[in-house]
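One structure is given below, encoded as structure tokens.
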Amino acid sequence: MITAGMVKELRERTGVGMMDCKNALVETGGDMEKAIEVLRTRGLAQATKKASRVASEGLVSSYIHMGGRIGVLLEINCETDFVAKNSDFQELVHDICMHVAASNPRYVAKEQVEPAVIEHEKQILINQAINEGKKPEIAEKVVTGRLEKFISEICLLEQPFVKDPDITVGQMVQQKISQFGENISVRRFARFEMGEGLQKRQDDFAAEIAKLQQK
């Protein structure tokens, strides 16, 4: 049986995404060392070493969707200008821009989520669990999984990639690190949606109908 603890240990030892770690463990019957060999053979485990190298080149790209109603600015870094000019790298940037437009993440990675945001959501989930009939001391324990799910949903690298939901955006980036042979980092993004945050005009339909009847 492949446990969450085994997957976590393999991820800590290799830096590879959770799903790839789980698949490697399943394939090797839970043998940790063989699973590491499988990941190295596929070039995924090497991404850990590359991730420590400085990525100061890259691209700032934009994407406009839905007739100008949604726009995204995105910065992705790599190590060399050579990779930045590569068409596959440029396609990666474009794809992540589209993903941000479609999925509306709030953060790049889990580490960026403010403790206050986590605590606020935790209290909401605890109250929901209590309303479901769970005792307060039990409610706080059962919300752990729900809280992790919430954090994953708002973080770009944890979201299922819109063009291939079987992998996360982070796993796709790891694959590209192996492909290009150098570190790639999603640094930041900004998403703009027309009218976001503005108070919408509320039509007085009764008044409109009255005007039509007078004509």
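Throughout, read-outs are computed from the coordinates displayed, never taken from laboratory work. Everything quoted here is computed from the prediction, not taken from an experiment. Glycine gets a Cβ as well: all are built from the backbone with ideal geometry, and neighbour counts include every protein chain shown.
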task: Please give the helices (runs of 4 or more DSSP H) falling wholly within the range 65-160 in which 3 or more residues are surrounded by 14 or more Cβ atoms within 10 Å (Cβ to Cβ).
output: 87-103, 115-131, 136-154
- prompt: Being among the small types (Gly, Ala, Ser) and touching a residue at least 24 places away in the same chain (Cβ under 8 Å), is that true of even one residue in the range 128-135?
  reply: no
